Every structure is written in structure tokens, then in C-alpha cells.
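The values are calculated or read from the model by the stated rules, or taken from the named source; none is laboratory data. These numbers come from a predicted model, not from an experiment. Note that we place each Cβ from the backbone using ideal geometry, even for glycine, and neighbour counts take in every protein chain shown.
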Amino acid sequence: MNDQHVTEEATFNRILAALSYFSIFFAGFVFPLIVWLISQNPFEKYHAKRAFISHLIVIPGIILFFIGLLVAFNMTTTANATPELQGLIVLGGMLLFIVLSFVLMIWNIVQGIKVLRV
């Protein structure tokens, strides 16, 4: 009976750690942050911290995108840039953000599956 309790606890720990990665779909960075701060299990804390950091990586991308927007719209007034150049800058920023988000989403899915398979 004690072995069954250990197995159930290990399964729960793996599920909670995997949910930290999968939370990119339903809770953003909040769920891994809560698990990281509240959990006493080192396995859960380790994976929740990694998931939390991976969820936050998107924030600099958002900031860079908005800086690119400001630069693009500022170019119109100061450098007489064409609307095509503005559009290219905005489109490039959007594509970079989309690719970064997609790569992070796939990475989180793969990490969550790896945790469940341990």
C-alpha cells in the first residue's frame, strides 16, 4: 500500500510539472509561477521554473515589436519613409513575434510530453 502511495504521488508530481508547460494554452505564466512558489517538491519546482521562464520569453518580443512600430511610424515624419518601408518593418516584426511564439509553444508541448514520459 505504501508503494502505491509513492507511485500516485510521483504521477501527481509529473502531471503538475507537465501542466506547468501546457499552461501556455490556458493560464499563461500564472500557473507555473504559482506551482513554483507553492510546491515543496524539487521536481515540480524545477519544471515550473523552466515553464515560467519560457512563458516570459515572449514579453521581450512584444516590447521589440512595439518599438519597431514606433520606429516605423516615426520614420514617416522624420525621414520621409515610404508606406511600403513602414509596412515591411511592421510585417517583419509581426512575423518575428509569430515565429518566436510558435517555437515557444512547440517547445513547451515537447517539454510537457517529456515530463509525462519520465
task = Starting from residues that are in a helix (DSSP H, G or I) and without any contact (Cβ under 8 Å) to a residue 24 or more places away in the chain, keep the ones in the stretch 20-34 and report whichever is surrounded by the fewest Cβ atoms within 10 Å (Cβ to Cβ).
result = V30
remark   = Filtering the stretch 48-58 down to residues that are over 9 Å from the mean Cα position of the chain (by Cα) and either surrounded by fewer than 19 Cβ atoms within 10 Å (Cβ to Cβ) or basic (K, R) (or both) yields K49, R50
note = Flagged pairs (Cβ under 6 angstrom, 6 or more apart or on separate chains; first in the stretch 49-67, within 16 Å of I109 (Cα to Cα); second outside any helix (DSSP H, G or I) and among the aromatic types (F, W, Y)) are F52/F29; H55/F29; L56/F29
inquiry  = Criterion first (modelled with pLDDT of 90 or more, more than 19 Å from W107 (Cβ to Cβ) and either in a helix (DSSP H, G or I) or out of contact with any Phe, Trp or Tyr (no Cβ under 7 Å at 6 or more places or on another chain) (or both)) does L37 satisfy it?
reply    = yes
